[in-house]
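Structure first, commentary second.
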Amino acid sequence: MKRLTAKEEEIMEWFWEKGPLFVKELLTYYDAPRPHFNTLSTIVRGLEEKGFLSHHIYGNTYQYYPLISAEAYGQGNLRNVIARYFNNSYLGVVSALIKEEEISVEDLRRLLDEVEQGNQ
């Protein structure tokens, strides 16, 4: 899955939250100073080229909608981070979380118990 820039991700958040949008509608969600219409339109078309959005045609305007859910994008990003920074080692990720005290050993045991109960 292709990675999004910070601005692209911000725009996708609007689509994931609001659903299908025209660029003019998207513009209304920004506080002042708002980005220029053409700037947003260019980014939205780029998102469509990358496969994140598609559109319906209404007269001479397009209503864009997401092709990828926020969850699917998040999972793809997680896989990319694990591949890039942890050499595809999920064990390395868990180990780093424990070492950084982001997850306790007790929480890890509880998670293992839940997984084992779900597999029965």
Trp16 passes all but one of (1) out of contact with any Pro (no Cβ under 8 Å at 6 or more places or on another chain); (2) assigned to a helix (DSSP H, G or I); (3) not hydroxyl-bearing (Ser, Thr, Tyr); which number fails?
(1)
Is there any pair linking a residue in region 75-88 that is closer than 14 Å to Leu4 by Cα to one that is surrounded by fewer than 13 Cβ atoms within 10 Å (Cβ to Cβ), with Cβ under 8 Å and at least six apart or on different chains, and which?
Asn77/Arg3; Asn80/Arg3
Tally time: how many residues in region 42-63 are farther than 17 Å from Leu4 by Cβ, surrounded by 15 or more Cβ atoms within 10 Å (Cβ to Cβ) and free of Cβ contacts under 8 Å to residues at least 40 places away in the same chain?
1
For region 3-13, what are the residues that are surrounded by 13 or more Cβ atoms within 10 Å (Cβ to Cβ) and outside any helix (DSSP H, G or I)?
Leu4
In region 25-41, the residues that are among the hydrophobic types (A, V, I, L, M, F, W, C) and surrounded by 12 or more Cβ atoms within 10 Å (Cβ to Cβ):
Leu26, Leu27, Phe37, Leu40
Please find, within region 1-44, the residue that is farthest from the chain's Cα centre (by Cα) out of those that are of a type in the set (Gly, Ala, Ser) and modelled with pLDDT under 95.
Ala32
Would you confirm whether or not region 66-84 contains a residue that is over 26 Å from Ile103 (Cβ atoms) and of a type in the set (D, E, K, R)?
no
Any residue in region 92-106 that is among the basic types (Lys, Arg) and surrounded by 10 or more Cβ atoms within 10 Å (Cβ to Cβ)?
no
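The values are calculated or read from the model by the stated rules, or taken from the named source; none is laboratory data. Model, not experiment: these values are computed from the prediction. So basically every Cβ, Gly included, is an ideal-geometry build from the backbone, and we count neighbours across all protein chains shown.
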